[in-house]
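Please treat every number below as a calculation from the coordinates, not as lab data. From a predicted model like this one, the values you see are computed outputs, not experimental measurements. Here the Cβ is made from the backbone with ideal geometry for all residues, glycine too, and neighbour counts use every protein chain on show.
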Amino acid sequence: MKSKKVKINGVGDVLLERSSRAKHMGLSIRPFRGVRVAVPRSVSFASAEEFAQLKAGWIKKHLEKIESIEKRAAALKESRPIDRTKAKKYLVTRLDELCEQNGFSYNKVFVKNQKTRWGSCSEKNNINLNVNLVLLPDHLIDYVIFHELLHTKIKNHSNRFWDELGKFVGDAKSLDKKLRQFTLG
């Protein structure tokens, strides 16, 4: 079994999800996704459920903050409906400007309404940008675009990647943290 949903008193549903990358159990709460426990292969789902129950206080405290973020995101989307044609034109134009100014190139670009990602870069250097980027401040739009452009040269999130990204955007880790305050609904 790869995953299991359990109910924790006072918290609600918690997803227990098997992870081949996890060395220890990890607890995360993401807007619109809920509470998740990453479960290493060597740990039983029963132990993971017990772990989640022990962390119920922490989860409750953070769920309130997440619910607030979800409400703000929903209100933002309602207050600023997106003209998809204009959004695509703006994002592709900005992508091309940053490419030209900084010596990057890409294969194709797609602008989509993605539910879980602001952007991505394929092995073939095709760039996907989320149409909802236009709801973000300009410096975060540029951060996402630079992030994906750099993946045309460095295909991972190594320290080298973050150091290089910092040369284009300043404190990349700080911008990544700010980006996480905005959610996709």
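Computed quantities for the displayed model
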read-out: The range 152-163 - phi-based ³J(HN,Hα) in whole Hz, Karplus 6.51/-1.76/1.60, Gly and Pro as x; value: 5, 10, 10, 8, 8, 10, 6, 4, 4, 4, 5, 5
read-out: For semi-axes √(5λ) of the Cα gyration tensor in Å, calculated from these coordinates, the label among (1) 55, 15, 13; (2) 24, 22, 14; (3) 34, 21, 14; value: (3)
read-out: For residue 16, distant residues with modelled amide H under 5 Å away; value: 4, 5, 6, 37
read-out: Where labels lie 7 Å past Cα in the beta-carbon direction, separation of residue 85 and residue 105 in nm; value: 3.2 nm
read-out: Set 89/124; 4/61; 5/55 screened for pairs whose C-alpha atoms are more than 20 Å apart; value: 89/124; 4/61
read-out: Relative contact order computed over the chain (Cα-Cα under 8 Å; 6+ residues apart), in percent; value: 16 percent
read-out: Built amide H within the under 5 Å cut-off of residue 118, gap 5+; value: none
read-out: FRET efficiency estimate (nearest 0.05) - Cβ-Cβ, residue 3 to residue 58, R0 22 angstrom; value: 0.55
